[in-house]
Amino acid sequence: MELGELVTLLSRLGMGAIGTFFAILLWSQTRDVSWVLVIIGTLVAYAEIVLSTLERFGILPETYFEVSGFPLLRVVLVNLPMLLYTLGFITMIARRRVR
């Protein structure tokens, strides 16, 4: 692993950990559906970062979470955060337009 790749990986882990920490703090203070969806999206995004890190260091094989040769968990973890963010934005827009 090259130095640039290591710095990128460690910065993703560090910034993801900080974002996840504050997301958990916010979760305990809000009951708003829009914010909860954004918070869950942040937690899932960090789970993807951790999974990528474990695969990169060889702790988990890349084929560990495949179903019939399809990397199901990888596809879900990569796309689910954006889906949750989108749903959070939609619920916020819908709530603002109702008033």
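Total residues in the range 24-38 satisfying the condition of being in a helix (DSSP H, G or I) and over 11 Å from the mean Cα position of the chain (by Cα): the figure is 9.
Comparison of T86, T63 shows that the only residue that is exposed (fewer than 11 other Cβ atoms within 10 Å of the Cβ) and hydroxyl-bearing (S, T, Y) is T63. If you go through the range 1-39 and keep only what is buried (at least 16 other Cβ atoms within 10 Å of the Cβ) and either charged (D, E, K, R) or touching a strand residue (DSSP E or B) at 6+ places or on another chain (Cβ under 6 Å) (or both), you end up with just R12. The residues in the range 63-92 that are without any contact (Cβ under 8 Å) to a residue 12 or more places away in the chain, touching a Ser or Thr at 6+ places or on another chain (Cβ under 9 Å) and over 28 Å from V7 (Cα atoms) can be counted, and the count is 2.
Report, by residue number, each residue of the range 53-62 that is free of Cβ contacts under 8 Å to residues at least 40 places away in the same chain and assigned to a helix (DSSP H, G or I). Residues satisfying the conditions are L54, E55.
Scanning the range 48-99 for residues that are in contact with a Pro (Cβ under 9 Å, 6 or more places away or on another chain) and either among the small types (G, A, S) or under 18 Å from R12 (Cβ atoms) (or both) yields a total of 3. Just a yes or no: is a residue in the range 13-26 in contact (Cβ under 8 Å) with a residue 40 or more places away in the chain and polar (S, T, N, Q)? Within the range 13-26, none of the residues are in contact (Cβ under 8 Å) with a residue 40 or more places away in the chain and polar (S, T, N, Q).
Read the figures in this text as sums done on the coordinates, not as results from a lab. Please read these numbers as outputs of a predicted model, since none were measured by experiment. Cβ atoms come from the backbone with ideal geometry, glycine included; neighbour counts cover every protein chain shown.
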